[in-house]
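Asker: Starting off with a structure, shown below.
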Amino acid sequence: MSDAVSEASGPVAGIDPEPVTAWMAERVELSPPLQFEIIAGGHSNLTYRVSDAAGRRWVLRRPPLAHLLAGAHDMVREHRLLSSLEPTEVPTPPVVGLCTDAEVNGADFYVTDFVDGTVLRSLDDAEALTPEARGKLSRRMVGVLAAIHSTDLEATGLATLGRPEDYVARQLHVWRRQFNAMTSRDLPIIERVHDVLVASIPPQTEATLVHGDYRLDNCLSTADGDLAAVLDWEISTLGDPVAELGFLLGYWVGADDGFNPLGHDATAADGFWTRDQLTHAYAELTGRDVSNIEWHFAFASWRLACILEGVHARYVGGAIPEIPPEVHEFPQSIVSLAERAESVLANL
């Protein structure tokens, strides 16, 4: 899992090395001492690269240190998802184990094998791929999204993961509540867009597994344009697959976009597909009706604004130790996202 990491000199926030090492030694072959490095870039749960003296590597995930949101940061649930998806066509990191004993590290955590790959966020990151590989990766992103949405819920034991009906209505309720719980400023546009969305929700015709946060930088990519693993399953549930396509489009930054909400512009590089190409490919691959995709794009933009407000509040409150530079731009990005949603809705 290639990414930026902090220097591992001295204690690492969120890790009690001795009991965690003992716990891992009961499950995998390792050569102490273990080195723990917090992986920069994630905006919710804390993710660490773990390595031993022999060069073996793993990944450990645990909740933030403070400012936990109700219903979020559930390591047991995330571990369940990854374990259930191992035999499917959805690429995920192989699971080592789950710890729910707070005596070990103060909070639940789980460990997976380390998967080689790169998290693509910036135009500079995208330069590691040829334009042809970027096009291949775009197609692969659509293919894996379709695979997630075709997961056999009964065979994987995920049929009880969440309520299948009224996904968008529930999302609107949840993210409005989360926004109001975390914000410290007055943004009337959030309520205004929320009310328009609530009054115009397209009908949901089916329920599938949805990742909930599917985007390029939640995946590990290879230099030849393959997708090695999908990461960060913490808000996965059952829901409307077309809404999730909208989420992907909401995160996807085009070359002509006026802003990029997360500060990540890798998909603006030559060779990556446009939003229209992603949408058409998904429709062809799945046969699903995507005629309401503009509405879902507006909904995704509003939802991302609410998510970023909470992320910004957690960083400012000290729940996540290292603050990436783009987080300082989140307050303006939140406004821009809400304005984009309002503009799209006005033109439907």
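Asker: Of all the helices (runs of 4 or more DSSP H) wholly in the range 112-184, which have at least 1 residues that are open to solvent by less than 50 Å² (accessible area, probe 1.4 Å) and of a type in the set (Gly, Ala, Ser)?
Answerer: Qualifying helices (runs of 4 or more DSSP H): 123-126, 131-149, 167-182.
Asker: Continuing with this model, one more query. Checking the condition more than 17 Å from Ile334 (Cα to Cα) and of a type in the set (A, V, I, L, M), which residue from Ile148, Ile189 passes?
Answerer: Ile148
Asker: Taking the range 1-47 on its own, how many of its residues are at pLDDT 60 or above and more than 26 Å from Glu329 (Cβ to Cβ)?
Answerer: Here the count works out to 24.
Asker: Of all residues in the range 77-111, which are part of a helix (DSSP H, G or I) and over 26 Å from Asp52 (Cβ atoms)?
Answerer: Of everything in the range 77-111, those that are part of a helix (DSSP H, G or I) and over 26 Å from Asp52 (Cβ atoms) turn out to be Arg77, Arg80, Leu81, Ser84, Leu85.
Asker: Follow-up question, since we're still on this one. Checking the conditions here, which among Thr222, Thr274, Thr237 is under 22 Å from Leu197 (Cα atoms) and either of a type in the set (Val, Ile, Thr) or out of contact with any His (no Cβ under 9 Å at 6 or more places or on another chain) (or both)?
Answerer: The conditions single out Thr237.
Asker: I've got another one for you. State which residue pairs qualify: first residue under 19 Å from Glu37 (Cα atoms) and open to solvent by 60 Å² or more (accessible area, probe 1.4 Å) and inside the range 54-75, second residue among the aliphatic types (A, V, I, L, M) and modelled with pLDDT under 85 in any location, beta carbons under 8 Å apart, and separation of 6 or more residues or different chains.
Answerer: Pairs found: Leu65/Ala319; Leu65/Ile320.
Asker: Taking only pairs six or more apart or across chains, which ones have beta-carbon atoms under 7 Å, a first residue in the range 12-38 that is closer than 17 Å to Phe114 by Cα, and a second residue that is among the aromatic types (Phe, Trp, Tyr) and surrounded by 15 or more Cβ atoms within 10 Å (Cβ to Cβ)?
Answerer: Phe36/Tyr48; Glu37/Tyr48; Ile38/Tyr48
Asker: I would also like to ask the following. With the requirement that a residue be among the β-branched types (Val, Ile, Thr) and either under 15 Å from the mean Cα position of the chain (by Cα) or crowded, with 16+ Cβ neighbours inside 10 Å (or both), what does the range 197-232 give you?
Answerer: Of everything in the range 197-232, those that are among the β-branched types (Val, Ile, Thr) and either under 15 Å from the mean Cα position of the chain (by Cα) or crowded, with 16+ Cβ neighbours inside 10 Å (or both) turn out to be Ile201, Thr208, Val210, Thr222, Val230.
Asker: If Ile235 satisfies all but one of (1) under 28 Å from Glu132 (Cβ atoms); (2) open to solvent by 30 Å² or more (accessible area, probe 1.4 Å), what's the number of the condition it fails?
Answerer: The number of the failed condition is (1).
Asker: In the range 321-335, is there at least one residue being open to solvent by less than 60 Å² (accessible area, probe 1.4 Å), in a helix (DSSP H, G or I), modelled with pLDDT of 95 or more and farther than 25 Å from Pro63 by Cβ?
Answerer: No, the conditions are met nowhere in the range 321-335.
The values are calculated or read from the model by the stated rules, or taken from the named source; none is laboratory data. Because the structure is predicted, anything quoted here is derived from the model rather than measured. Because the Cβ atoms are built from the backbone with ideal geometry, glycine has one as well, and the counts that use them run over all protein chains shown. In case anyone asks, the SASA skips ligands and DNA or RNA and just uses the protein heavy atoms, side chains included. Shrake-Rupley method; radii C 1.70, N 1.55, O 1.52, S 1.80 Å.
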